[in-house]
1. Give the residues of the range 137-146 that are surrounded by 12 or more Cβ atoms within 10 Å (Cβ to Cβ) and more than 17 Å from D157 (Cβ to Cβ), sorted by residue number.
2. Among the residues of the range 57-82, count how many are under 21 Å from G139 (Cβ atoms) and open to solvent by less than 30 Å² (accessible area, probe 1.4 Å).
3. Pull up the range 106-131, narrow it to residues that are under 19 Å from the mean Cα position of the chain (by Cα) and among the polar types (S, T, N, Q), then point me to the one that is surrounded by the most Cβ atoms within 10 Å (Cβ to Cβ).
4. For the condition touching a helix residue (DSSP H, G or I) at 6+ places or on another chain (Cβ under 9 Å), open to solvent by less than 60 Å² (accessible area, probe 1.4 Å) and not polar (S, T, N, Q), what is the one hit in I164, I154?
5. Mind checking which pairs have a first residue in the range 77-105 that is part of a loop (DSSP other than H, G, I, E, B) and a second that is open to solvent by 70 Å² or more (accessible area, probe 1.4 Å) and not polar (S, T, N, Q), Cβ under 6 Å, 6 or more apart or different chains?
6. For a quick check of your reading of the model, give me the residue pairs whose first member lies in the range 52-75 and is in contact (Cβ under 8 Å) with a residue 24 or more places away in the chain, whose second is among the acidic types (D, E) and not in a loop (DSSP other than H, G, I, E, B), with beta-carbon atoms closer than 7 Å and at least 6 apart or on different chains.
7. Considering (1) exposed (fewer than 14 other Cβ atoms within 10 Å of the Cβ); (2) modelled with pLDDT under 95, say which one Y134 fails and leave the rest.
8. How many residues does the range 90-100 hold that are open to solvent by 30 Å² or more (accessible area, probe 1.4 Å) and closer than 19 Å to K141 by Cβ?
Amino acid sequence: MKKKWIALLLVVLVAFGVTACSGGSKGGEAQQEPEKEEVKLVTNGRLSAIEAPEGWVQGETSSDDQLAYETEYQEDGEDPYTVRLWIDISDFDTPESMLENAEENAKEWGTTYTVEEKTIGDVTFSYFIPDFGYKSMYGTKNSVTVIVSHDNEINIDDEAVQNIIKSIEVEPEE
C-alpha cells in the first residue's frame, strides 16, 4: 500500500512539473504570441514595395509604375543632400535586352562601366555600374522586367535598401 501511495505521489509530482515547465499554456492564462508588425506597402500602378523605412521618405514619382525613395547623405564636413533610389517597370522585354541597351549607350557616350550579378531576395539582377551617373540593376519579378536605380552615394548592401528591393511586387500585365 505504501508503494502505491509513493507511486501516486510521484505521478502527481511529475504531472505538476510538466505543467509548470510548459509556461502555463495548459490551464491558467494562455500566453499571447507577440504581434507581428504589419508591413505597409506603397503602390503606384502595377508596382508595390514597402513604405519608406526609417531614415527614408517616399519620393515624388514621374510616372505610373514607378516608386521613389529619398534619404539624406552627408560626407565629412559637407552639407547634407538628398539621394534617391527608384524602381520602375521597364519597357524592355528582358533584363538582358535592358543591359544591352545600357551598354550600347555607355559605349556611345564613351563611358566605362562594369557589370556584376547581384542577388537580392528572390531576384538575380544584372548590376550596371558606370563610372559616373547613377547605377542600375535589371531583373525580373513576376515575369516583368524591373529596373532599380540609385545615386552613387547609396550603398546597395545597406539593410534598408535591401529591404526595399526584397519587397518589390509587380502585378502581371493584363
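1. Once the filter is applied, which keeps residues that are surrounded by 12 or more Cβ atoms within 10 Å (Cβ to Cβ) and more than 17 Å from D157 (Cβ to Cβ), the range 137-146 yields Y138, T140, K141, N142, V144, T145, V146.
2. 5
3. Only one residue tops the list, namely S126.
4. After applying the criteria, what remains is I154.
5. P80/E72
6. W56/E70; G59/E70; D65/D88
7. It is condition (1) that Y134 fails.
8. So the count comes out to 6.
The values are calculated or read from the model by the stated rules, or taken from the named source; none is laboratory data. Nothing here was measured: the structure is a model prediction, and the numbers come from that model. Using ideal geometry, Cβ is built from the backbone for each residue, glycine included, and neighbour counts are taken over all protein chains shown. Side chains included, ligands, DNA and RNA excluded: accessible areas come from the protein's heavy atoms. Shrake-Rupley method; radii C 1.70, N 1.55, O 1.52, S 1.80 Å.
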